[in-house]
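Working notes, structure below.
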Ligand SMILES: Nc1ncnc2c1ncn2[C@@H]1O[C@H](COP(=O)(O)OP(=O)(O)O)[C@@H](O)[C@H]1O
Ligand SMILES: [Mg+2]
């Protein structure tokens, strides 16, 4: 069952195409990662599916309904950061959020417990760490008990402890049965918390798949040395070796995705083998994404 269908969604800002003819389906229960470098169109996409940015063309439908129905109540988001009052406690801030969202207050304690802020609920917001502030924003997004939670770069600016707390929280929220749509420029974030993902680059969807299949993929290189028999024997001992096959004057080797070609070369040199040929037959998705990031750096 899908929660969201996006059809040819398109956004132009003057001459900039922020999102280019995007087609995407998001399944219920998934933690969907929208992965891409800065400026690739993630926030624009989230803004459009939340109805806060007008698409130039295309459409989308939530829960097989149009946005005009009350489906907005079924979606929580931290895209539009709630304005928390610094001198008010977390509890009081959430009371105000309930007033604005027109939801009753019965879930305040529950969401505070869920994000680990219940003990601190009467402390003023301004005394919170950045991570706590972000968790309160998530709590606020959960107040109306939405089916879908949309998070834009949820760990930006946080320290390592804050980052791991937020990621853990995202996984727990997913376990409670909610669908999560998360935008991130961090490959490892998507690998750690998402079940499915899509890669955006300059507004174009360039890859879509499941995280365990996508990043579990392999890279293939072709290598040759003077003594191919010896090379065949030694390369099998390489830690990320998966399999190999003979080519005409070379051996084609499959490695797990965490390998890079120069590491293989270095390792072989240390074993006394000097390659006179090395070419990459297939790059892993991880390498491809890293190159996209370099391109934008
Ligand atoms: N309000 C706007 N006016 C003009 N250009 C914009 C606006 N919002 C975003 N853009 C441009 O659209 C592209 C995509 O931006 P954005 O969706 O924010 O990317 P991301 O969230 O992936 O970093 C960028 O080139 C950005 O500069
Ligand atoms: Mg963004």
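The values are calculated or read from the model by the stated rules, or taken from the named source; none is laboratory data. Note that the structure is predicted; figures quoted are calculated from it, not measured. No Cβ is skipped: glycine too gets one built from the backbone with ideal geometry, and neighbour counts run over all protein chains shown.
Note on the stretch 33-148: enclosed helices (runs of 4 or more DSSP H) holding 2 or more residues that are within 30 Å of residue 206 (Cβ to Cβ) are 42-49, 130-142. Annotation: of all residues in the stretch 143-165 being buried (at least 21 other Cβ atoms within 10 Å of the Cβ) and away from ligand 2 (no atom under 16 Å from the Cβ), the one that is farthest from residue 82 (Cα to Cα) is 148.
To keep it simple, each residue is scored yes or no on (1) at positive phi; (2) within 14 Å of ligand 1 (Cβ to nearest atom).
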residue: 3; (1), (2): no, no
residue: 6; (1), (2): no, no
residue: 11; (1), (2): no, yes
residue: 20; (1), (2): no, yes
residue: 41; (1), (2): yes, yes
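Of the residues making up the stretch 68-101, those that are free of Cβ contacts under 8 Å to residues at least 24 places away in the same chain and within 19 Å of residue 150 (Cβ to Cβ) number 7.
Restricting attention to the stretch 190-210, which residues are surrounded by fewer than 21 Cβ atoms within 10 Å (Cβ to Cβ) and either outside the structural domain of residue 75 (by TED's automatic domain parsing) or in a helix (DSSP H, G or I) (or both)? Within the stretch 190-210, 191, 192 qualify.
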